[in-house]
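The values are calculated or read from the model by the stated rules, or taken from the named source; none is laboratory data. Please read all numbers here as calculations on a predicted model, not as lab measurements. Here Cβ is always computed from backbone atoms with ideal geometry, including for glycine, and neighbour counts include all displayed protein chains.
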Amino acid sequence: MSAGSIASSSYSPPFRVVSKYFITAIGSFVFLALVLLLHYDVITGHHFQPKVLALNHIAALGWISMIIFGAMFQLVPVVLEAPLYSTRLAEAQYWIYTAGTAGLAYCFWVFDTGWLLLVSALLLNLAVILFAFNIYMTMKPVPRLDITGRYLASGVLWLCLTALLGLLLSINLGSPYLTVDHLRYLNLHAHLGFAGWISFVVMGVSYKLIPMFTLSHDYPVRMKTPVFWCMNAGLVGITLTGHTERNLLFYISALLIGVAVVMFLIQISLILKHRVRRRVDTGIKYSAVAYLMMGLTMILGLFVAFADAEDIPNLTIAYGVMILFGYISLLISGQMYKIVPFLVWYDKYSSKVGKESVPLLKEMINEKSAETQLLILLVSSFGAVFSLIFRSETGALISFLLMFAGALIFLYNMIYIFRK
Amino acid sequence: MSETNSKDLKPEFLKTVASEKIKELDVRPILSGGQDPFSQIMAAVSALSEGDVLLLINTFEPLPLYKVLARQGFEHYTELDGDEYHIYFWQTETPEQEKAKDLVKKGETSDQVVIELDVRELEPPEPMIKILEKLTTLPECAVLLVHHHREPVMLYPKLEENGFEATANRIAENYYKVLISRKKQ
């Protein structure tokens with residue numbers, strides 16, 4: 001038996017801080033879907049195109065990373081059983097990060113490569129440093145980081161590298177100094193972001209949340225450590241080969257990342273197999289579909305890595321759509337349907353338990369319309385991928401119309417929960 | 001049988017205690033203002049120094065309070081003065097009380113009532129709801145021992161709000177025993 005600890009103070013930051021990130025992220029998602037719909041013809045071109053860069057960054061920074069920051073401030077203290085180092089830093093980071101994101105997206109959209117782009121990139125790097133510092137200081141007093149803690153730490157390190165590379169690329173846009181292909185670094189920047197930062201956080205958090213919500217315990221955990229090392233080794237490999245022609249090290253690294261994803265999916269299926277709660281609710285449905293999409297995305301990624309992608313028009317953009325919408329947006333939406341009702345309930349009702357009647361958690365969410373959104377996002381993601389590859393403007397229009405409808409349902413459902 | 005004692009049963013200790021050691025708290029104005037004086041009483045109790053006596057003046061005999069303070073090692077003596085109840089509280093043998101509480105914290109032994117609650121088969125946030133509900137009906141003399149899959153860190157601020165404190169002991173991976181007791185004022 002280990003020594004007990006008396007804890008009484010709040011570990012996580014106040015709800016207003018977390019909800020600021022969440023609300024901005026949800027707004028960005030709807031805005032992104034609207035812009036995609038209005039400019040559906042724009043993205044049928046080359047991916048290194050200013051407007052596509054703008055859309056990518058609204059998705060990666062405004063929607064995905066924004067929501068991950070909010071969720072991490074909430075979850076890291078709970079997972080590590082240590083209070084968040086600083087709520088004020090988390091709040092300061094929000095403003096710096098939001099300003100940087102808006103500035104960067106605007107600069108890409110109008111292709112302004114001047115001082116505003118540089119300032120935005122610097123703001124984003126400052127925000128990332130504040131975040132990394134806050135998480136580092138939160139982790140520091142924890143005697144031994146568990147496997148989830150190590151995944152999160154890795155994710156934050158890869159985020160720092162992603163941001164730094166982004167800064168170098170934005171400087172290069174204004175005053176070119178890189179002697180090698182800009183596109184290679186862009187590729188590396190994107191992959192460090194998606195496979196390094198986002199996937200590490202997704203995997204680490206999944207190890208905690210999926211067993212917690214499905215009541216799965218005593219499942220084998222043998223994949224967690226190999227996944228961690230495979231993924232990190234693969235990412236180091238593609239970083240080292242980022243500036244060269246594709247060579248053996250690059251191919252091995254890409255394969256290592258693929259193997260890591262497969263092992264991760266096996267681990268998740270082991271967890272799900274051992275679950276006590278057999279009912280599959282909305283959040284778990286989303287997650288299960290998103291994990292499958294993660295696998296498909298990885299296969300597409302390996303194809304892009306091994307085949308010469310530039311030969312197939314729009315393949316890179318289709319791959320991007322798959323990552324952003326098929327895999328990450330589904331996973332995030334699903335987690336939001338778990339986390340937001342709980343946080344709103346905790347904020348508004350937990351002090352009233354036993355004193356007056358409080359709503360049940362399942363009364364906080366409209367499961368049916370949440371599952372409609374899942375279906376719509378799934379159909380529109382595949383629709384967009386196929387329309388891009390087969391160059392169908394009509395298909396793209398219909399897909400993005402559906403995606404916008406999905407985003408609106410998400411917005412409506414989130415407002416419904418927040419006002420509950 | 002009334003708890004009110006006649007004057008000749010007044011303990012020797014109270015007869016001899018210096019008058020400046022007796023801290024008086026009249027809760028009748030609080031009661032007539034429609035408020036529950038409990039928190040003021042507990043504040044006055046925690047403000048007592050060693051050897052101090054609390055003299056509580058009330059319109060009725062606060063029987064539950066006797067139990068609450070007895071748990072903290074207080075003895076009481078009550079006398080009726082017209083409509084007023086004068087209740088004296090003074091502390092005895094605190095070291096033993098401390099020791100008993102520590103033992104309970106370690107979950108090893110207990111001279112208090114231990115009520116157990118297993119929330120391991122519940123999906124979040126049901127464990128928190130069940131625990132908070134259970135605490136609202138927890139007898140004064142009891143502690144709640146919760147069997148949990150993890151350390152309930154989101155629960156702690158809510159316990160604090162309701163005047164409870166918790167000790168979590170990790171028994172195994174995915175198994176924590178969380179002992180919740182009323183906070184000592």
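Within the range B:159-185, the only residue that satisfies the criterion of being of a type in the set (S, T, N, Q), within 11 Å of chain A (Cβ to nearest Cβ), surrounded by fewer than 21 Cβ atoms within 10 Å (Cβ to Cβ) and closer than 20 Å to B:Ser39 by Cα is B:Asn162.
Out of A:Ser351, A:Ser399, one residue alone is over 17 Å from A:Val321 (Cβ atoms) and not hydrophobic (A, V, I, L, M, F, W, C). It is A:Ser351. So, A:Ile417, is that one within 20 Å of A:Leu55 (Cβ to Cβ), of a type outside the set (S, T, N, Q) and touching a residue at least 24 places away in the same chain (Cβ under 8 Å) or not? Here the answer is no, as A:Ile417 does not meet what is asked. Of the residues that make up the range A:186-206, is at least one in a helix (DSSP H, G or I), hydroxyl-bearing (Ser, Thr, Tyr) and within 23 Å of A:Ile299 (Cα to Cα)? Scanning the range A:186-206, I find at least one residue that is in a helix (DSSP H, G or I), hydroxyl-bearing (Ser, Thr, Tyr) and within 23 Å of A:Ile299 (Cα to Cα), so the answer is yes.
Can you name every residue in the range A:346-368 that is within 14 Å of A:Val18 (Cβ to Cβ) and either at the interface with another protein chain (Cβ under 9 Å from one of its Cβ atoms) or small (Gly, Ala, Ser) (or both)? Scanning the range A:346-368 gives a single hit, A:Tyr346. Checking the conditions here, which among A:Val236, A:Val201, A:Val227 is in contact with a Gly (Cβ under 7 Å, 6 or more places away or on another chain), more than 14 Å from every other protein chain (Cβ to nearest Cβ) and modelled with pLDDT of 90 or more? Of A:Val236, A:Val201, A:Val227, the one residue that is in contact with a Gly (Cβ under 7 Å, 6 or more places away or on another chain), more than 14 Å from every other protein chain (Cβ to nearest Cβ) and modelled with pLDDT of 90 or more is A:Val201. For A:Arg277, the conditions (1) surrounded by fewer than 18 Cβ atoms within 10 Å (Cβ to Cβ); (2) assigned to a helix (DSSP H, G or I); (3) within 14 Å of chain B (Cβ to nearest Cβ); (4) charged (D, E, K, R) all hold with the exception of (2).
With a requirement of 1 or more residues that are out of contact with any Cys (no Cβ under 8 Å at 6 or more places or on another chain), in contact (Cβ under 8 Å) with a residue 12 or more places away in the chain and more than 26 Å from B:Val113 (Cβ to Cβ), the helices (runs of 4 or more DSSP H) lying completely within the range B:1-86 that satisfy it span B:12-16, B:28-32, B:38-46. A:Thr394 meets each of the listed conditions (1) crowded, with 16+ Cβ neighbours inside 10 Å; (2) β-branched (Val, Ile, Thr); (3) under 25 Å from A:Val42 (Cα atoms) apart from (1). Of all the residues in the range A:216-232, those that are surrounded by 16 or more Cβ atoms within 10 Å (Cβ to Cβ) and either in a helix (DSSP H, G or I) or of a type in the set (A, V, I, L, M, F, W, C) (or both) number 7. The set of residues in the range B:141-158 that are modelled with pLDDT under 90 and either at the interface with chain A (Cβ under 7 Å from one of its Cβ atoms) or touching a Lys or Arg at 6+ places or on another chain (Cβ under 7 Å) (or both) comprises B:Cys141, B:His149, B:Glu151, B:Val153, B:Met154, B:Tyr156, B:Pro157, B:Lys158. As a summary of the residue check, A:Met66 satisfies the conditions (1) out of contact with any His (no Cβ under 7 Å at 6 or more places or on another chain); (2) surrounded by fewer than 24 Cβ atoms within 10 Å (Cβ to Cβ); (3) free of Cβ contacts under 8 Å to residues at least 60 places away in the same chain; (4) not hydroxyl-bearing (Ser, Thr, Tyr) except for the one numbered (2). Do we have A:Lys208 as within 14 Å of chain B (Cβ to nearest Cβ), closer than 24 Å to A:Ala60 by Cβ and in contact (Cβ under 8 Å) with a residue 60 or more places away in the chain here? Spelling it out, A:Lys208 is indeed within 14 Å of chain B (Cβ to nearest Cβ), closer than 24 Å to A:Ala60 by Cβ and in contact (Cβ under 8 Å) with a residue 60 or more places away in the chain.
Residue by residue, here is whether (1) at pLDDT 80 or above; (2) more than 10 Å from chain A (Cβ to nearest Cβ) holds:
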{"site": "B:Trp90", "(1), (2)": "yes, yes"}
{"site": "B:Lys106", "(1), (2)": "no, no"}
{"site": "B:Glu116", "(1), (2)": "yes, yes"}
{"site": "B:Glu123", "(1), (2)": "yes, no"}
{"site": "B:Pro139", "(1), (2)": "yes, yes"}
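Among the residues of the range A:378-412, those that are of a type in the set (A, V, I, L, M) and farther than 22 Å from A:Tyr286 by Cα comprise A:Leu388, A:Ile389, A:Ala396, A:Leu397, A:Ile398. Considered as a group, the residues in the range A:352-408 that are assigned to a helix (DSSP H, G or I), without any contact (Cβ under 8 Å) to a residue 60 or more places away in the chain and β-branched (Val, Ile, Thr) include one that is nearest to B:Leu132 (Cα to Cα), and that residue is A:Thr372.
Only one of A:Gly283, A:Gly354, A:Gly258 is among the small types (Gly, Ala, Ser) and either within 28 Å of A:Leu183 (Cα to Cα) or at pLDDT 95 or above (or both); which? The unique qualifying residue is A:Gly258.
The condition of being surrounded by 23 or more Cβ atoms within 10 Å (Cβ to Cβ) and without any contact (Cβ under 8 Å) to a residue 40 or more places away in the chain holds for only one of A:Tyr349, A:Tyr327, A:Tyr286, A:Tyr337, that being A:Tyr327.
Close Cβ contacts (under 7 Å, 6 or more residues apart or on different chains) running from residues in the range A:72-91 that are more than 11 Å from every other protein chain (Cβ to nearest Cβ) to residues that are surrounded by fewer than 19 Cβ atoms within 10 Å (Cβ to Cβ) and not aromatic (Phe, Trp, Tyr) comprise A:Tyr85/A:Met137; A:Thr87/A:Pro14; A:Leu89/A:Leu130.
Could you tell me how many of the residues in the range A:145-189 are within 22 Å of A:Val205 (Cα to Cα) and among the polar types (S, T, N, Q)? Final tally of qualifying residues: 3.
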